[in-house]
Amino acid sequence: KGDGRGAYRFFETSMDLWIQQRRELEMDLREALENDELKLFFQPLMGRDGSQITGFEALLRWQHPRRGLVAPNEFVECAEQWGLIGKIGEWVLAEACRTAATWPSPMTVAVNLSPHQFASGDLVAQVRKALKAARLAPSRLELEITEGLLLQDSATTLDQLAQLKKLGVKIAMDDFGTGYSSLSYLWRFPFDKIKIDRSFVAEMQDNAAIADILRTIALLGQTLNLEVTAEGVETADQAKLLSEMRCDHFQGFLYGRPMPVGDIPSFLMAATARRLRGEDRDWLEG
Ligand code: C2E
Ligand code: MG
Ligand code: MG
Ligand code: MG
């Protein structure tokens, strides 16, 4: 009996601790924006032959004073639950556009959107404002959405997507293949791009069926006139296979990890130098 109570008490205290930690996290996250603790990292997106940088994806980080650099998977969901993603998302849009405006045109920036941002109703206005403030051409902004958004199948969501497209912004379906009924969404909304989830890329060399699915998605992209990006490219062998499958864009640690904004100029310069020396395909073939 004594043991049971002890275990219960232990459970109770660890629950308390858990709740307390979540509360702390919430308090901290509320102040993160004001304290300038949120940062955008940028990961390069490569063009068809894997040598040209066509743009970067903006990936959110939280530079927490005690916890260090916190990844989005650890706080974006909380931000959504606590109703903080609206403000954070607006900041991400503005910051990403501001940064992209310093890059050579037509280099693009991709921004991840949470379904909650569509629920707020002023997403289109936010995007317009961010572009205008940064003087960034709409064609240089790509918005990445996930299937979860379309699962709700609401008229206002489709309407906002249509308005965004009309602005000239590109729309990409992120993490393609991981959700439920990806295919039906492709004809319900005119996407510009699909991004194949990195789990497929990671498995394709061990599993012939997955390689076949990848090849079919790439073909589907060509048929529907959608650009296809392969995520999570880590090895030269993967890049070669995906190239043969005719993916249009590549993203992954092989080309570059998400980097702080200050590292971008030297990254771009090194890439240009490699091109000038004619070595730009070395990392694919080497
Ligand atoms: P995502 O949009 O699919 O972003 C790609 C994720 O894969 C990034 O993780 C990136 O660091 C990681 N990655 C890229 N290349 C490789 C690779 O070669 N190997 C491996 N193992 N991983 C790779 P990250 O930055 O931790 O972001 C995770 C997710 O958080 C993102 O997935 C996105 O859904 C979400 N997210 C990031 N930033 C934002 C944001 O500003 N707003 C919202 N709503 N969500 C965001
Ligand atoms: Mg993304
Ligand atoms: Mg993705
Ligand atoms: Mg993904």
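Readers should treat all values here as calculations from the given coordinates under stated rules, not as data from a laboratory. In this text the structure is predicted, and so the values were computed from the model without any measurement. So basically every Cβ, Gly included, is an ideal-geometry build from the backbone, and we count neighbours across all protein chains shown.
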Next item on the list: Mind jotting down the distance between the C-alpha centroids of region 227-245 and region 193-213, whole Å?
Entry: 9
Checklist line | S243-D212 pseudo-label distance in nm [points 7 Å out on the Cα-to-Cβ vector] | finding: 2.6
Next item on the list: Quote the FRET efficiency, to the nearest 0.05, computed for L183 versus S139 with a Förster distance R0 of 30 Å and r equal to the Cβ-Cβ distance.
Entry: 0.65
Check: Just A230, A202, A110 to compare: in a GNM of the chain, with alpha carbon springs under 10 Å, which one fluctuates most?
Finding: A202
Item checked: Candidates A172, A239, A32: whichever shows maximal mean-square fluctuation once the chain is modelled as a Gaussian network with Cα springs under 10 Å -> A32
Checklist line | Counted charge near G89, where neighbours are those whose Cβ lies closer than 13 Å (Asp, Glu -1; Lys, Arg +1) | finding: -3
Note to self: Tell me which GluC sites (Glu not before Pro) from region 52-151 have a DSSP coil assignment and no more than 15 other beta carbons within 10 Å of their own.
What the structure shows: none
Notebook entry, point to check: Not counting the cut sites, what is the longest span of the chain without trypsin sites (Lys or Arg not before Pro) that DSSP labels loop and that have at most 14 other Cβ atoms within 10 Å?
Noted result: 136-245
Check: When the Kirkwood radius is taken over all Cα pairs of the chain, what Stokes-Einstein diffusion coefficient follows at 20 °C and 1.002 mPa s, in µm²/s?
Finding: 104
Checklist line | Total lysine pairs whose alpha carbons fall under 19 Å of each other in the chain (8 or more apart, or interchain) | finding: 15
Checklist line | Degrees, to the nearest 10: 155-167 long Cα axis against longest axis of the chain | finding: 40
Item checked: Contour excess over end-to-end distance, with Cα ends at A101 and Q81 and 0.36 nm allotted per residue -> 4.0 nm
Check: Can you pull the three principal axis extents for the Cα set of region 180-286, in Å, largest first?
Finding: 43, 30, 23
Checklist line | chymotrypsin sites (Phe, Trp or Tyr not before Pro) within region 168-209, DSSP loop, no more than 13 other Cβ atoms inside 10 Å | finding: Y180
Check: Taking 0.36 nm per residue of separation and subtracting the Cα-Cα distance, what length does fully extending E234 through A119 add?
Finding: 37.8 nm
